[in-house]
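*Asks:* Provided herewith is a single structure, encoded as structure tokens, for subsequent inquiry.
The values are calculated or read from the model by the stated rules, or taken from the named source; none is laboratory data. All values derive from a computational prediction rather than experimental measurement. All Cβ positions, even for glycine, are placed from backbone atoms using ideal geometry, and neighbour counts span all protein chains on display.
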Amino acid sequence: MKITVLTLFPEMFAPLGESIVGRARKEGKFQLDIVNIRDYTEDKHKKCDDYPFGGGAGMVMMAQPVGSAIGAVDPAHRARRIYLSPKGKTLTQEKVVSLSAEEELVLLCGHYEGVDQRAIDLFIDEELSVGDYVLTGGELPAMVVIDSVSRYLDGVLSPGSLVQESFSENLLEYPHYTRPVEYRGLTVPEVLRSGNHAEIDKWRQKKAVEITRKMRPDLLDGKGGKA
Ligand code: 4H3
């Protein structure tokens with residue numbers, strides 16, 4: 001997969017050079033290009049934003065730099081082009097899985113009051129939100145999309161990790177423990193040290209249901225998930 005990010009703040013994407021995503025990029029499991037929209041402005045002062053028609057606070061990102069940037073990175077419109085916005089459909093795990101099957105994604109990050117509506121109308125396939133709150137820009141949401149999607153690409157996670165996850169679909173995770181056996185008076189549940197993998201699986205499943213019932217009952221009664 002190839003993911004291209006369009007942003008006025010490319011340095012915000014430095015975290016994607018680290019950890020699991022950073023390693024996956026270095027190993028060529030996917031390609032991530034961070035493109036500065038400013039490189040495509042036709043304004044002699046490199047301006048990319050302007051005052052809103054109709055008045056009001058804040059600045060609006062101009063259609064021209066955004067349109068030229070998209071045209072340059074995806075001339076044949078082969079990519080699924082996504083604008084991160086609180087108006088979009090909320091990103092779900094199911095959506096993450098479907099995005100991971102795309103060959104190419106373009107993620108457009110707005111800043112300030114947002115992007116001129118004509119750039120969205122002309123160039124964007126879909127708006128996505130990472131949750132019902134407003135952020136200063138679409139950069140963090142774009143990173144959320146990249147991180148969550150990259151986990152489903154071949155060779156990014158260790159073999160087994162996603163299998164485990166699909167067994168517990170619509171359930172929250174059971175608790176994890178590592179050494180030592182006792183820490184500040186709290187001990188690791190006996191069953192996890194028993195070596196009995198059938199019993200361990202049963203215990204984990206039971207805990208997952210328990211935790212889901214307590215924290216997110218909506219996931220069990222079908223209101224929030226597919227259950
Ligand atoms: C996405 C973008 C929240 C989300 C965002 C989300 C700033 C989009 C500006 C930027 C527009 C205002 N906030 N929930 N903010 O995914 O450019 O909407």
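*Asks:* Among the residues of region 88-117, how many are assigned to a loop (DSSP other than H, G, I, E, B) and farther than 21 Å from Thr7 by Cβ? Give the derivation first.
*Replies:* Pass one, region 88-117, residues assigned to a loop (DSSP other than H, G, I, E, B): 91-92, 100-103, 109-110, 112-114, 116.
If we keep only those that are farther than 21 Å from Thr7 by Cβ as well, we get 92, 100-101, 103.
Of the residues in that region, 4 qualify.
*Asks:* Let me ask another. Please enumerate the residues belonging to region 72-92 that are without any contact (Cβ under 8 Å) to a residue 24 or more places away in the chain and not β-branched (Val, Ile, Thr). Spell out how you get there, then give the answer.
*Replies:* Here is the first cut: in region 72-92, the residues without any contact (Cβ under 8 Å) to a residue 24 or more places away in the chain are 75-77, 92.
Pro75, Ala76, His77 - these are the residues of region 72-92 that are without any contact (Cβ under 8 Å) to a residue 24 or more places away in the chain and not β-branched (Val, Ile, Thr).
*Asks:* OK, next. Consider Val106 carefully, then state whether it is within 22 Å of the chain's Cα centre (by Cα), within 16 Å of the ligand (Cβ to nearest atom) and surrounded by 12 or more Cβ atoms within 10 Å (Cβ to Cβ). Before you say what the answer is, go through the steps one by one.
*Replies:* Values: within 22 Å of the chain's Cα centre (by Cα): yes; within 16 Å of the ligand (Cβ to nearest atom): yes; surrounded by 12 or more Cβ atoms within 10 Å (Cβ to Cβ): yes.
So Val106 fits the description; yes.
*Asks:* Those residues that are acidic (Asp, Glu) and touching a Ser or Thr at 6+ places or on another chain (Cβ under 7 Å), I need them from region 122-179; list them, please.
*Replies:* At the first step, the residues of region 122-179 found to be acidic (Asp, Glu) are 125-127, 132, 139, 147, 154, 165, 169, 173.
Scanning region 122-179 gives Glu127, Glu139.
*Asks:* Could I ask something else about it? Tell me, please, whether a residue that is of a type in the set (Phe, Trp, Tyr), closer than 30 Å to Val60 by Cβ and in contact with a Lys or Arg (Cβ under 8 Å, 6 or more places away or on another chain) can be found in region 126-141.
*Replies:* Step one: filter region 126-141 for residues of a type in the set (Phe, Trp, Tyr), giving 133.
Restricting the remaining residues to those that are closer than 30 Å to Val60 by Cβ gives 133.
Checking the rest, the ones that are also in contact with a Lys or Arg (Cβ under 8 Å, 6 or more places away or on another chain) come to none.
No; the residues of region 126-141 include none that is of a type in the set (Phe, Trp, Tyr), closer than 30 Å to Val60 by Cβ and in contact with a Lys or Arg (Cβ under 8 Å, 6 or more places away or on another chain).
*Asks:* For residues in region 207-216 being touching a residue at least 24 places away in the same chain (Cβ under 8 Å) and farther than 11 Å from Pro175 by Cβ, which is surrounded by the fewest Cβ atoms within 10 Å (Cβ to Cβ)?
*Replies:* Within region 207-216, the first condition is being touching a residue at least 24 places away in the same chain (Cβ under 8 Å), and the residues that meet it are 207-209, 211-212, 215-216.
From what is left, the residues that are farther than 11 Å from Pro175 by Cβ are 209, 212, 215-216.
Working: Val209: 15, Thr212: 21, Met215: 10, Arg216: 15.
Only one residue tops the list, namely Met215.
*Asks:* Does Ile120 satisfy the criteria of being in a helix (DSSP H, G or I) and in contact with an Asp or Glu (Cβ under 8 Å, 6 or more places away or on another chain)?
*Replies:* yes
*Asks:* Going by the conditions given, is Leu122 touching a strand residue (DSSP E or B) at 6+ places or on another chain (Cβ under 6 Å) and touching a residue at least 12 places away in the same chain (Cβ under 8 Å)? Give the derivation first.
*Replies:* On the way: touching a strand residue (DSSP E or B) at 6+ places or on another chain (Cβ under 6 Å): no; touching a residue at least 12 places away in the same chain (Cβ under 8 Å): yes.
Spelling it out, it is not the case that Leu122 is touching a strand residue (DSSP E or B) at 6+ places or on another chain (Cβ under 6 Å) and touching a residue at least 12 places away in the same chain (Cβ under 8 Å).
*Asks:* Has region 61-84 got any residue that is more than 15 Å from Leu8 (Cβ to Cβ), touching a strand residue (DSSP E or B) at 6+ places or on another chain (Cβ under 6 Å) and within 16 Å of the ligand (Cβ to nearest atom)?
*Replies:* Yes - at least one qualifying residue is present in region 61-84.
*Asks:* Next question, about the same structure. Looking only at region 176-197, how many residues end up being more than 19 Å from Ile211 (Cβ to Cβ) and assigned to a loop (DSSP other than H, G, I, E, B)?
*Replies:* The total comes to 8.
*Asks:* Consider region 114-134. How many of its residues are near the ligand (Cβ under 8 Å from one of its atoms) and surrounded by 15 or more Cβ atoms within 10 Å (Cβ to Cβ)? So that I can check it myself, show each step before the final result.
*Replies:* Let us first name the residues in region 114-134 that are near the ligand (Cβ under 8 Å from one of its atoms), namely 114-115, 128-134.
Checking the rest, the ones that are also surrounded by 15 or more Cβ atoms within 10 Å (Cβ to Cβ) come to 114-115, 128-130.
Here the count works out to 5.
*Asks:* Under the condition of being among the hydrophobic types (A, V, I, L, M, F, W, C) and within 16 Å of the ligand (Cβ to nearest atom), which residue from region 136-162 is surrounded by the most Cβ atoms within 10 Å (Cβ to Cβ)? Steps first, please.
*Replies:* Let us first name the residues in region 136-162 that are among the hydrophobic types (A, V, I, L, M, F, W, C), namely 140, 142-146, 149, 153, 156-157, 162.
Still in the list and also within 16 Å of the ligand (Cβ to nearest atom): 140, 142-146, 149.
Numbers: Leu140: 14, Ala142: 27, Met143: 20, Val144: 16, Val145: 22, Ile146: 20, Val149: 25.
Once the filter is applied, the top-ranked residue is Ala142.
*Asks:* I'd like the full set of residues that are within 16 Å of the chain's Cα centre (by Cα) and of a type in the set (Lys, Arg), limited to region 1-51.
*Replies:* Across region 1-51, the qualifying residues are Lys2, Arg25.
*Asks:* Tell me, yes or no, whether region 163-172 has at least one residue that is without any contact (Cβ under 8 Å) to a residue 24 or more places away in the chain, surrounded by fewer than 14 Cβ atoms within 10 Å (Cβ to Cβ) and assigned to a loop (DSSP other than H, G, I, E, B).
*Replies:* The answer is no, given that none of the residues of region 163-172 is without any contact (Cβ under 8 Å) to a residue 24 or more places away in the chain, surrounded by fewer than 14 Cβ atoms within 10 Å (Cβ to Cβ) and assigned to a loop (DSSP other than H, G, I, E, B).
*Asks:* Show the residue pairs that are 6+ apart or on different chains and have beta-carbon atoms under 9 Å apart, the first residue being within region 42-53 and closer than 14 Å to His111 by Cβ, the second being hydroxyl-bearing (Ser, Thr, Tyr) and surrounded by 12 or more Cβ atoms within 10 Å (Cβ to Cβ).
*Replies:* Within 9 Å, the pairs are Lys47/Thr41; Cys48/Tyr40; Cys48/Thr41; Asp49/Tyr112.
*Asks:* Considering each residue of region 157-192, count those that are under 21 Å from Met1 (Cβ atoms) and at pLDDT below 95, and give that number.
*Replies:* Residues in region 157-192 being under 21 Å from Met1 (Cβ atoms) and at pLDDT below 95: 7 in total.
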